[in-house]
Amino acid sequence: MLRLPGFLFLASLFLISCGGNDKDLVQQESSDPKIAKLKMPEGFKAERLYSPGENEQGSWVSMTFDNKGRMIACDQFGSLYRLEIPPIGDSSKPKVERLDVDLGFAQGLLYAFNSLWVMVNHDGEEGLKRKGGLYRLQDKDGDDKFETMEHLKEMNGSGEHGPHSIILSPDKNSLFLIAGNHTDLPKFDTYRLPSNWKEDNLFPLIKDPSGHANDRTAPGGWIAHIDSTGKNWELYSAGYRNAFDIAFNDAGDLFAYDSDMEYDIGMPWYRPTRVCHVPSGSEFGWRTGNSKWSPAFPDNLPALLNIGQGSPTNLVYGGNAKFPPKYRKSLFAFDWSFGIIYAIQMEPDGASYKAKAEEFISGAPLPLTDGIIGPDGALYFLTGGRRLESDLYRVSYIGKDNTEDVKPTEISAENKLRRQLEEYHMPKQGAVDLAWPQLKNNDRFVRYAARIAIEHQPVNQWQDKVLNEKDPVTLIHASIALARQGKADVKNRLLQGLNAIDAGKLSSPQKVDLSRAYELVFLRMGLPEGQLKEETIATLEKSYPADENMVNRQYSKLLITLQAPDAVSKTMALLDNAKDDTAYQKAFTQSSDLIFRNPQYGLDIAEMLSKVPPAQQTYYATMLSAAKTGWTPELREKYFTWFKNASNYRGGKSFMGFIDRARKLALANVQKAEFAHFNTLSGDSIFKYAGPFVAKSGPQPKGPWREWKFDDALKVVDSGLTARNFENGKNMYNAVMCSSCHSIRGEGGQIGPDLTQLGTRFSPKDVLEAVIEPSKTISDQYAATIFYLKDGKSIVGRLIGQDNEKYSISQNPFAPQTLREIPKADVVRTKLSDVSIMMPGMINSLNGDELRDLMAFLMAGGNKDNELYSKK
């Protein structure tokens, strides 16, 4: 059998862990290839119960169980279905029926209170004439048919950022539901989060250059609490981008799994996918474009756990699962993009929790859409979405560990205090007296709950307390409350109080809190004037520059907004030497580990990591675009040169557009006579043709995109490789990034084998097979290594070197020189991966002619004089 070692060495490590408990993950032996590809902890068994796609029933994205133990599921763009599922151990097929109701397009389903609750995600046009929102279906005569349908609340929003999931409350007396940031807030009866939200960011606004969410304003995605009739609605939480699902743990605390904005990758405002603890009245700071709040801002709450890049679709708590205790106390978080179910274990930490994660189930492709713990204690999950092939799986535990005795989560004293304060997230007598002392509580979640309780009370009950407060921490958080709820006539007194705080005695997080108090006063009440402005500038300058990046971000924002005389020179000095914080918003999965999970998203990540934008520099450069004073000719030259240099970095798809728009904001502040010079200096000729997305170098495939299968591609290649277009073949070779890893005739990368003599050793069929099915045969010479760590995580990459203390590995084919070091003391064992480091799907952007041109170029070894180009 011919071996083609490591051909087209572009990295793909599908099925390999990106940081989970991989040493315990195994693949189940099965004749079903979709089961055989899954990896899960030992002792668990997976079954593929049903395939909607094989039965022309669409792509299912939501499900629930009714009071008779039957599953009800919904096609993303179609109907509702009911399934009678055979018990565990019974290999018969489910009985499936389409429900006879004029309803579907549901991304959230729940059976409760003898009703089927349906979250319809639709605009009332194509395929379904009903408007989106929450519906209640009932079978009142017991004939097993839903004859009554009530549209309880219309929701103006549809698509993947529309209305999503609905779940039962812990006491089983009410409901909670969630909607994405393209869903307008309906009118609520009550608001636990005060409803006077604004964008609240002094950072120069740049909306996403691709146009995404440009018309969406605060507060973004939201969570509602409704009664058992669906009539009384309360806003519970907001500030999400697009969390699809929510779940309660056994202590009755709520959690959400929010999405990232992948176009923002590499930018200072990028926020990874994240699991959030969601208390009453919480705000999580999503805002459009570059105005997203930092998780450090005290008027929003931080993530419980940053996961990393991905597409969250589901969150379910394992409390009712017949699983070992560890997993019964876990949140299961589903990622559609990379095919991973994470198990997240939490421990009480003050009024909130601390969390750790591991991979529970993974596969590729495994486009996860929804999951639920069934009445039998098994985990059921769906794959599909976006009209992809859809399947229903069941995962049960067949191991020997105990599945019954689970210690309940302890509710800490701080958690109890937070819940007590949340009872006052409404106008209520005694709130100020209870909450005021807690504004300086050491626990951030308690401080937040206390401030929200105060904001719900009439301002005249607590305004004087703010203005006369002497404790600096209490004053900071009370000032945030007054800035949000008070009137502008107290601005001067409020600023005088903040100016009197000795910032030198505050910790770095407290300095950020103080800066945010100033920012909210500026935004909501107006900038200081006259002598007070000078005093405020002098006070702020004492803390700038600082040793902390977040403090510097905030104080540069305040001082540039005030047009402080030294703000530009100080900020430009920081711009020269800015270093990014590796710990800021640190995620469970490292970006380099995700490259290998998905050919589409992985390539974007790999390209970004090949030359990561400097986030702190980008922040300063964007903020300086608002500076009108304090410039010298030398500083302007240096500043506008930065933009041209920045075009060499690779971020998310909107990176170039964001940089260009910041550049244009800055150009608006130069003299008319100097505009042409600085426009040219800053790289206008580069940005002019880049558009909103990162520019691709060289000619690109015309396509259209298709998923090439081996047999189909072979027919195309066998139709003829002679007299092909050499230049186009070379262009396609570069466009699909073969040259990133391989050399041909002395040009290209060096981490994969040289391809110059490829055509003399292998047939076109051999080459094509290696391109499309790279894991079929792997040479040890080019295999990746899996490093299993003591903490249960694993890391995958190509071993480049080692010494007595560490391994050095390369994980990114676009930046092979970027090495990651792994201390040998942390490694339990290593093994070679059985999955190729070559990326499948690389040729999927090519049409038939482009594929033939590429193959001819490869078989000719990049030689234009090869006989392939002379034959007719």
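Quick check: pseudo-label points 7 Å beyond the Cα along Cα→Cβ at T190 and A723, how many nm apart are they?
Between T190 and A723, the simple spin-label model gives 8.1 nm.
Figure the gain on full extension for Q531 and K400 (residue separation times 0.36 nm, minus the Cα-Cα span) and round it to one decimal in nm.
39.7 nm
Jot down the radius of gyration and Dmax of the range 451-571, Cα atoms only, both in angstrom.
My reading of the Cα-based Rg and Dmax gives 13.8, 44 Å.
For the chain, what value does the Rg/Rh ratio take when both radii are computed over Cα atoms and Rh is the Kirkwood radius, given to two decimals? Each step should come with its number before you reach the end.
Numbers: Rg = 28.8 Å, Rh = 29.4 Å.
Radius of gyration relative to Kirkwood radius: 0.98.
In the neighborhood of D349, defined by Cβ-to-Cβ distances under 13 Å, what is the net charge if each Lys or Arg adds +1 and each Asp or Glu adds -1?
In short, -1.
Residues with amide H under 5 Å of L110's amide H, sequence separation 5 or more or different chain, H placed in the peptide plane at 1.01 Å from N; which?
W117
Given an 8 Å cut-off on Cα distances and at least 6 residues of separation, report the relative contact order of the range 65-134 as a percent. Mind showing how you got there, number by number?
Values: 129 pairs, mean separation 17.6, N = 70.
Here the relative contact order equals 25 percent.
Suppose every Lys and Arg Cβ carries +1 and every Asp and Glu Cβ carries -1, with no other charges. What dipole size does the chain come out with about its Cα centre, to the nearest 20 debye? Mind showing how you got there, number by number?
Values: 104 positive and 110 negative charges, 315 e Å.
Dipole magnitude for the chain comes out near 1520 debye.
Can you tell me the FRET efficiency between S507 and F675 if r is taken as the Cβ-Cβ distance and R0 is 56 Å, rounded to the nearest 0.05?
Values: r = 44 Å, r/R0 = 0.79.
The value I calculate is 0.80.
Tell me, what is the percent relative contact order of the chain, built from C-alpha pairs under 8 Å that lie six or more residues apart?
After rounding, I find 14 percent.
Over 21 Å between Cα atoms: which of K793/K824; K505/K533; K207/K688 fall into that group?
Working: K793/K824 14 Å; K505/K533 23 Å; K207/K688 18 Å.
Check vs 21 Å cut-off fails for K505/K533.
Hey, what do the phi angles of the range 158-166 turn into as Karplus ³J(HN,Hα) couplings, whole Hz, using 6.51/-1.76/1.60 and θ = phi - 60°, x for Gly and Pro?
With coefficients 6.51, -1.76 and 1.60, one gets 8, x, 6, 10, x, x, 10, 8, 9 Hz.
Compute the signed sum of charges (Lys and Arg +1, Asp and Glu -1) over the other residues within less than 11 Å, Cβ to Cβ, of N314. Before the final figure, lay out each step's value.
Values: positive: none; negative: D245, D335, D370.
Overall, the nearby charge balance is -3.
Given H placed 1.01 Å from N in the peptide plane, which residues other than close sequence neighbours of N156 have an amide H under 5 Å from its amide H?
Those lying under 5 Å, H to H, from N156 are D184.
Zone of Q700 (label point 7 Å along Cα→Cβ, backbone N under 16 Å): which residues in the range 251-282?
263, by backbone N distance to the label point.
Enumerate the lysines that K400 could reach by cross-link, defined here as Cα to Cα under 20 Å, with residues fewer than 8 away along the same chain left out.
Within reach: K23, K39, K45, K322, K326, K329.
Quick one: 3J(HN,Hα) in Hz for the range 291-298, Karplus 6.51/-1.76/1.60 with θ = phi - 60°, rounded, Gly and Pro as x.
8, 4, 6, 5, x, 6, 4, x
What is the sum of charges around K824, taking Lys and Arg as +1, Asp and Glu as -1, for the other residues whose C-beta is under 9 Å from the C-beta of K824?
On the way: positive: K806; negative: D803, E805, D826.
Value of the local net charge: -2.
Straight-line reach only, C-alpha to C-alpha below 17 angstrom: list the aspartates and glutamates that K131 could link to, leaving out same-chain residues fewer than 8 apart.
The reachable aspartates and glutamates, counting only those whose Cα sits under 17 Å from K131, are D75, D102, D123, E150, E154, E160, D184.
Taking all protein chains in place and a 1.4 Å probe, what share, in percent, of the accessible surface of the chain do carbon and sulfur account for?
Details: 16300 of 35050 Å².
Looking at the chain in its full context, I get 46 percent from C and S.
Hey, what did the range 491-549 get for relative contact order, percent, Cα under 8 Å, at least 6 apart?
Numbers: 23 pairs, mean separation 27.8, N = 59.
It comes to 47 percent, rounded to a whole number.
Applying the Karplus parametrisation 6.51 cos²θ - 1.76 cosθ + 1.60 with θ = phi - 60° to the phi angles of the range 605-620, what ³J(HN,Hα) value in whole Hz is obtained for each residue in order, glycine and proline being reported as x?
5, 4, 5, 4, 5, 5, 7, 5, x, x, 5, 5, 4, 4, 4, 4
For S165, which sequence-distant residues (separation of 5 or more, or a different chain) have an amide H within less than 5 Å of its own amide H, given hydrogens modelled in the peptide plane?
I178
Taking the solvent-accessible surface of protein heavy atoms with a 1.4 Å probe, what is the per residue accessible area of the chain in Å²? Provide the component values of the computation, followed by the final result.
Numbers: 35050 Å² over 872 residues.
In whole numbers, the chain has 40 Å² accessible per residue.
If R0 is 51 Å, what FRET efficiency do you get for D471 and D376 from their C-beta distance, rounded to 0.05? Intermediate results must be reported in sequence, preceding the final value.
Details: r = 56 Å, r/R0 = 1.09.
It comes to 0.35.
The values are calculated or read from the model by the stated rules, or taken from the named source; none is laboratory data. It should be emphasised that the depicted structure is a prediction, and the values quoted were computed from it without experimental measurement. Cβ coordinates were reconstructed from backbone atoms using ideal geometry, including for glycine residues, and neighbour counts include every protein chain displayed. For accessibility, only protein heavy atoms count, side chains too; no ligands or nucleic acids. Shrake-Rupley method; radii C 1.70, N 1.55, O 1.52, S 1.80 Å.
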